[in-house]
Amino acid sequence: MSAISLLSALSILSLLLLTGESQDFTKRIPKNSLGLKKEKLSHLHFYFHDIVSGRHPTAVRVASAAITNTSSTGFGAVVMIDDPLTVGPEPGSKQVGRAQGIYASASLSEAGTLLMVLNYAFTEGKYNGSTLSILGRNPVFSAVREMPVVGGSGLFRFARGYAQARTHFFDLKTGDAVVEYNVYVFHY
């Protein structure tokens with residue numbers, strides 16, 4: 001039996017040597033081969049307008065669980081968003097991008113605890129065409145919330161950092177909100 005195993009192993013090894021192809025799919029490369037220069041820390045400040053009411057909502061519930069409507073926390077509700085990001089808290093303030101993605105009610109016991117899966121897509125200034133990706137827990141009734149920046153694109157390639165959110169305005173009747181964001185991000 002061991003002679004067969006040895007023969008099989010030698011056959012496989014010889015086939016690998018004959019093909020001449022590496023079986024590795026990764027290799028180390030220097031940073032400068034991607035044009036990466038010095039890493040910098042940037043601070044971005046903007047307002048996130050989450051409009052769930054009216055004729056032109058920017059946040060729409062797209063799914064729910066069987067228990068969502070009976071849950072005290074709305075557990076299982078999933079909302080798709082395309083919210084404007086502006087320089088100031090006023091709806092008519094200059095728009096600098098869009099928050100696009102999903103948030104969902106993620107707690108059975110804490111109302112207003114959301115899972116945020118968002119891209120901040122910037123449309124103005126130096127970062128026009130670049131994005132930051134946010135993934136994390138957002139307990140919206142806390143005064144200040146912190147969520148991780150897990151990546152980005154364009155000028156934010158290899159981004160990492162955090163976003164601090166503070167509710168600037170919340171309408172209990174409609175559910176509309178304006179949230180102030182301070183984002184601190186390392187990038188190249």
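What follows draws every value from the coordinates through simple rules; no lab data is involved. Since the structure is predicted, the reported quantities are computational estimates derived from the model, not experimental observations. Heads up, the Cβs are rebuilt from the backbone with ideal geometry, glycines too, and the neighbour counts pull from every protein chain shown.
Brief remarks on what is shown
- Spatially, the range 123-150 and the range 44-92 are offset by 15 Å when compared through their Cα centroids.
- In terms of surrounding Cβ atoms within a 10 Å radius of their Cβ, Ile102, Ile67 rank from fewest to most as Ile67, Ile102.
- Neighbour net charge for Phe170 - beta-carbon separation under 15 angstrom, K R +1, D E -1: -2
- Once the chain from Ile102 to Glu39 is taken as fully extended at 0.36 nm per residue, the excess over their C-alpha distance is 19.7 nm.
- Shown in residue order for the range 70-76 are the 3J(HN,Hα) couplings computed by the Karplus curve 6.51 cos²θ - 1.76 cosθ + 1.60 at θ = phi - 60°: 9, 6, 5, 10, x, 3, x Hz (x for Gly and Pro).
- Listed candidates (i) 1, 7, 12, 17, 15, 10, 7, 5, 5, 4, 4, 4, 4, 2, 1, 0; (ii) 1, 7, 13, 14, 11, 7, 6, 7, 8, 8, 7, 5, 3, 1, 0, 0; (iii) 1, 8, 17, 21, 19, 15, 9, 6, 3, 1, 0 - label of the one calculated as P(r) over Cα pairs in 5 Å bins from 0, in percent: (i)
- Across Lys38/Lys94; Lys37/Lys94; Lys38/Lys126; Lys94/Lys126, pairs whose alpha-carbon gap is larger than 21 Å: Lys38/Lys94; Lys37/Lys94
- Gaussian network model of the chain, springs between alpha carbon atoms under 10 Å - residue of Asn69, Asn32, Asn138 with greatest fluctuation: Asn32
- Local electrostatic count, Pro30, Cβ distance below 15 Å [Lys/Arg +1, Asp/Glu -1]: +4
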